[in-house]
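Take a look at the following structure, please.
The values are calculated or read from the model by the stated rules, or taken from the named source; none is laboratory data. Note that the coordinates shown come from a computational prediction; the quantities given were computed from them, not determined experimentally. Positions of Cβ are generated from backbone atoms using ideal geometry, with glycine treated the same way; all protein chains shown enter the neighbour counts. Accessible surface is based on the protein model in full, side chains and every heavy atom, while ligands, DNA and RNA are left aside. Shrake-Rupley method; radii C 1.70, N 1.55, O 1.52, S 1.80 Å.
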2 protein chains.
Amino acid sequence: MERPGTWHDRRVGSRILARCCSWEAIKRTLPFLCWLPQYSIQWMQLDIIAGLTVGLTVVPQGLAYAEVAGLPVEYGLYSSYVGCFIYCLLGTSKDVTLGPTAIMSLLVAIYTSGDASLAVLLAFLSGCIQLALGLLKFGFLLDFISYPVIKAFTSAAAVTIGFSQVKNLLGLKDIPRQFILQVYETFHKLPTIRVGDAVLGFLCIAFLLALKFMKEHFPRVYRGMPRCYRLCYIIVWVTTTARNAIVVVAAGLVAYSFHVMGLHPFILTGKTAEGLPQFQLPPFSEKIDNRTVSFSEMVQDIGPGLFIIPLMGLLESVAIARAFASQNNYRIDTNQELLAIGLTNFLGSFLSAYPVTGSFGRTALNSQTGACTPAGGILTGFLVLFSLGYLTPLFYYIPKAALAAVIICAVAPMFDLSVCKTLWKVKKLDLLPFLVTFLLSFWEIQYGILLGILVSLVILCYSIARPKIKVIDPHGPTLMIMSGLSFPSVEYLRDTIHEKAFTDSLPPSVTLDFTHVNVLDYTVVMGLREIQHEFRSQGRTLLFSGLQPDIHQILLAADLKDFQHPLSVTTADLYIDGSVEPLLNNVPKASSELNH
Amino acid sequence: MERPGTWHDRRVGSRILARCCSWEAIKRTLPFLCWLPQYSIQWMQLDIIAGLTVGLTVVPQGLAYAEVAGLPVEYGLYSSYVGCFIYCLLGTSKDVTLGPTAIMSLLVAIYTSGDASLAVLLAFLSGCIQLALGLLKFGFLLDFISYPVIKAFTSAAAVTIGFSQVKNLLGLKDIPRQFILQVYETFHKLPTIRVGDAVLGFLCIAFLLALKFMKEHFPRVYRGMPRCYRLCYIIVWVTTTARNAIVVVAAGLVAYSFHVMGLHPFILTGKTAEGLPQFQLPPFSEKIDNRTVSFSEMVQDIGPGLFIIPLMGLLESVAIARAFASQNNYRIDTNQELLAIGLTNFLGSFLSAYPVTGSFGRTALNSQTGACTPAGGILTGFLVLFSLGYLTPLFYYIPKAALAAVIICAVAPMFDLSVCKTLWKVKKLDLLPFLVTFLLSFWEIQYGILLGILVSLVILCYSIARPKIKVIDPHGPTLMIMSGLSFPSVEYLRDTIHEKAFTDSLPPSVTLDFTHVNVLDYTVVMGLREIQHEFRSQGRTLLFSGLQPDIHQILLAADLKDFQHPLSVTTADLYIDGSVEPLLNNVPKASSELNH
């Protein structure tokens, strides 16, 4: 006869094997297999509209964000289509669209200083790191970035990115990258403003704001309305939704007209590389001024970006996916999202893309337009490829001020300090990581986010090191410990017990109420044993009450004694509800321990 | 009329001022003021015996540990007396004795590679850092080093230090410092063993072990026994207690006899600097081969030691103080201990001392001999000064093998793997930081301790990120959350709620039982709000029960609704006991929120 243990082990083994190779597992790795069998004409219609809409936004935004990243504008499009195809296969959210984003472009600008080879290599390395994290199921790491830190980071990035475009909006030159210097230099150079750029820029912003306002306030149409109303609605909807594309095309036309007339009132995008990028290995070395820069030197140039960029890419993408999953009532798989974004960056680097992530603005657009599956991304991708193939010669005439207007209008809604008010009401201490992240991000964005994470972890550790302990008096001093006990709390616990036990009256016994204690580690157990020893050496006792079954087991294993009524109110309640194993088989053990 | 706020502020201000300047505060900063007024002849007798005993141990150990640190032997004594005087004034434990220790000497050897100027500078810098940590009340940082990590580190250090002396014991030469290479080379060079050193070394060990065994097993004498018995006891007690000094003196005499006969069977300590060290500034620069090494280069040479050595110094000292305080029923003040050790290192560096800390062996000796106050340290200090003033010429003849024997016998009891068994019984997961620290310490001791701390923090964070959630079925699904909720747990909480709420039956409501929830931060509150929103959008409800008063307040502040019976069993109990404010003034608020 087989021993049950062996049988059980084998069963577990085969269950793990089955889990890895099953149809379920394949569907988890390739989520499009879940929606493809149910795909309908109706879904396709909605996906086509959504895909086209996003495509009309990503082309102008891609050009503009490449400008933020300090790269030639065509790199924005190189980075815009790989994610569309890959996310369609691997993504677990119907709404997310991957591509160049404002924050990612800013970070790329910081760590690559406009060197396109470095940016592509960074995409390759980020992709590798993100894939590794996804395969190792390290998605839980993102749980350690708290909401105040994310909010503060996004608001600060909105200001930084928005302000970085003021120079293009006003036609100013030689403005440094660092935010504080940038603000100073921008104001300092205000007299050198170019009127043409400024007028065009502000007109574009006004136009974009007006169209956005229209979109938000235009009355919805219903089936019963006359046809002309509905046609009118469709025209307005298309205009307002494709407003970025329309503004950029219009500004380009104006610039072209002036060009034909021999006038040059605007700074233009200028010559861009034509056609699709070649499929080639990412640049593992590059030549600068006849000197070959080796791979290790390039990695050194990227520096901490190698850590910040993959992490921020994941964070942004997963945060957006979670937000829309919650809004539209579905669940995403964090580790699968890591794989999708990792593969996008990895493959993108073979097609001259720079690091990408999930875009909040375009994801929102996708969701509002009514995307049913990520299939719309295919159309978005083809639209970008079409632009690259046939429209690059026209990009010459796009004024930089128009792209700056697109960016400023895209990042403005990211700035949101109203969270401060809620933070103040809900938990004042959480304002600290918010403020640290927000203020430091203006100095160096990576220090802001790292220090913010650190501060929120310190606050977390502090709450562990100083658990709340309530004193309940009536029946001799009873200390009710309000949360789990882990090693950082052991000295505080000791001090508190000492303070209460060595009062004037020297009570013969002190009771620790463990009703709320659910976690107990070795260091704390040793600390408790020493305290109990101290009490005993003085002929006094330290009692425990309200023990939960597993905590009871731990204390028994460590040879601690003196349990008073182990069946407390709470555990008794649980027992009656049938959700825990009966405690009774522990009780004789405890009493036999007492008889030693 | 003054506003109460202002009055209150002033009162707080004056209270803080009073707290800083009061007699209590002065006594806290100079703890000897507490025991000095009660000092009696009886205490003095016991302190004198303890002080002499510790002195007879610290002189040979100081010489030996300087050998471990790779410094000339006199540095061991230079480092042994400053702490005795300072701890007497500033220390809060009656037992702790500061001075050179095995672990500290090993660390100094690692980071200064036998450069005495570097070692003294390191003492100065460590002292500054420790003083700063003490003044800033950063003693709580030591709470984040768990017991398994300390145990593993001490055991690994015992092996490393013990084995590092095997070369001196056997008279082997050119043995590298790194543990694994050391083991290999020691066995490789066994054929080149020097018989004289080996015989003397093993004889010394045998003698030390025999005396230790005698001390532990010699029957105690009582007042009624005959005088010869008591005399005999005193002789044995003195011999066994001063065994280190006796062994070193005896070995020195043997070596001197051979020297007189013209034989040289042992490797001797050799010429040492005579007399007391000069009081001078620590070396902020040094000359090596006619090249001046600047301060910044010296600091770079020390490298991570600048962080490890002050921290380990504090850790060792505070851990020992806590252990003996617990054993002898008194409390220590961690921050005051930091000041004492910091000032010792700071002032020591002006007298050519290398970094010191609390010594476990000598503290135990002090405690066993019956020290009543730290005053015995004064005598220890003078004994060391006497040795430095008059005995240095004699140190020439001390065989290195004898010092090696002293060290090996001193560190052997630090090796203790029995903790593994308890760890296995109490909490298996805590074996991980133990093993990581223990194994890595053989590679590089600093990586061992740092990774150990990291692993235990990761385990801690994991328990926060994955709070236990129990499902109680009877009245619609109720999820009982077993511990506090902080930001890393929010996604897990969401997933769990989704898993339970979207079963086949689609229950109309899900209840979260918050009885055990004592911590709630902004990120979690936002998560809960989103989940509640999701539920509401489906016409279902997410209810809360068993809320503690402050958690109830937080949820109200964040505009969360649907509290079911906020007065749970637990809080109601507390209310009856009178330990919390009545919850009733919250209840109408909650219902008014519901009426919105």
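How far, in whole Å, is the closest Cβ of chain A from the axis that maps A onto B, and which residue does it belong to?
Output: A:His516, 2.
Now for a different question. Does anyone have the angle between helix A:490-501 and the longest principal axis of chain A? Alpha-carbon axes, 0 to 90°, nearest 10?
Helix A:490-501 and the main axis of chain A meet at about 40 degrees.
Using Cα pairs under 8 angstrom and six or more residues apart, how large is the relative contact order of chain B, in percent?
That works out to 23 percent.
Another one. When only the heavy atoms of the protein chains count and the probe is 1.4 Å, how do B:Val183, B:Val510 rank by accessible area, highest first?
Ranked list, largest accessible area first: B:Val183, B:Val510.
Right, next: Nm distances between the label at B:Arg331 and the same-position labels in the remaining copies, 7 Å along Cα→Cβ, shortest first?
4.8
Let me ask another. Within segment A:79-216, what whole-number % of the accessible surface is contributed by carbon and sulfur, with the 1.4 Å probe and all protein chains included in the calculation?
Exposed carbon and sulfur together represent 75 percent of the surface.
Moving on. With each label point set 7 Å from Cα along the Cα-Cβ vector, what nm distance links A:Arg540 and A:Leu391?
A separation of 8.0 nm, rounded to one decimal place.
From zero outward in steps of 20 Å, how is the percent of C-alpha pairs of chain A spread across the bins?
Histogramming chain A at 20 Å steps yields 17, 40, 26, 15, 2, 0 percent.
Compare each residue of segment A:495-526 in its chain alone against the assembly with all protein chains, and report those whose accessible area goes down by 20 Å² or more; 1.4 Å probe, heavy atoms.
For segment A:495-526, once contacts with the other chains are taken into account, A:Asp495, A:His498, A:His516, A:Asn518, A:Val519, A:Asp521, A:Tyr522, A:Thr523, A:Met526 lose 20 Å² or more.
Relative to the longest principal axis of chain B, what angle (0 to 90°, nearest 10) does the C-alpha long axis of helix B:102-112 take?
So the helix axis and the longest Cα principal axis differ by about 90 degrees.
Mind checking segment B:172-257 for chymotrypsin sites (Phe, Trp or Tyr not before Pro) that DSSP puts in a loop (not H, G, I, E or B) and that have at most 11 other Cβ atoms within 10 Å?
Those that pass, being in a loop and sparsely packed, are B:Tyr222.
Calculated FRET efficiency, B:His264 and B:Val299, Cβ-Cβ r, R0 41 Å, to nearest 0.05?
0.50
Between B and A, buried accessible area summed over both sides at probe 1.4 Å, in Å² to the nearest 100?
6100 Å²
Using a 1.4 Å probe on protein heavy atoms, which residues of segment A:432-471 have at least 20 Å² less accessible area in the complex than alone?
A:Leu460, A:Cys461, A:Ser463, A:Ile464, A:Arg466, A:Lys468, A:Lys470
Classify segment B:252-349 as rounded, prolate or oblate from the Cα gyration tensor: take a ≥ b ≥ c as the square roots of its eigenvalues, call it rounded if a/c is under 1.5, otherwise prolate when a/b beats b/c and oblate if not.
It comes out oblate by the Cα gyration axes.
A follow-up question, please. With the Cα gyration tensor of segment A:25-80 giving a ≥ b ≥ c as the square roots of its eigenvalues, does the rule (a/c under 1.5 for rounded; else a/b larger than b/c for prolate; else oblate) give rounded, prolate or oblate?
Oblate, because a/c is 1.5 or more while a/b does not exceed b/c.
Quick one: grab the alpha carbon gyration tensor of segment B:108-182, order the square roots of its eigenvalues as a ≥ b ≥ c, and give me rounded if a/c is under 1.5, else prolate or oblate depending on whether a/b is larger than b/c.
Oblate, because a/c is 1.5 or more while a/b does not exceed b/c.
Oh, and also: In Å², and per residue, what accessible area does the protein assembly as shown have when probed at 1.4 Å with the other protein chains present? Write out the running numbers ahead of the final one.
Numbers: 53600 Å² over 1192 residues.
Using a 1.4 Å probe on heavy atoms only, each residue of the protein assembly as shown averages 45 Å².
So what's the angle, to the nearest 10 degrees on a 0 to 90 scale, between helix B:400-411 and the longest Cα principal axis of chain B?
Rounded to the nearest ten degrees, it is 30.
Put the label 7 Å from Cα along Cα→Cβ for A:Lys27; what are its distances to the other copies, in nanometres, shortest first?
Label point to label point, same position, other copies: 7.4 nm.
Work out which residues of segment B:140-169 lose at minimum 20 square angstrom of accessible surface when the other protein chains are put back, relative to the chain isolated, with a 1.4 angstrom probe, and list them by number.
Residues meeting the cut-off: B:Phe140, B:Asp143, B:Phe144, B:Ser146, B:Tyr147.
With the label 7 angstrom out along Cα to Cβ, how close does A:Ile180 come to the same site in each of the other copies, in nm, nearest first?
4.6
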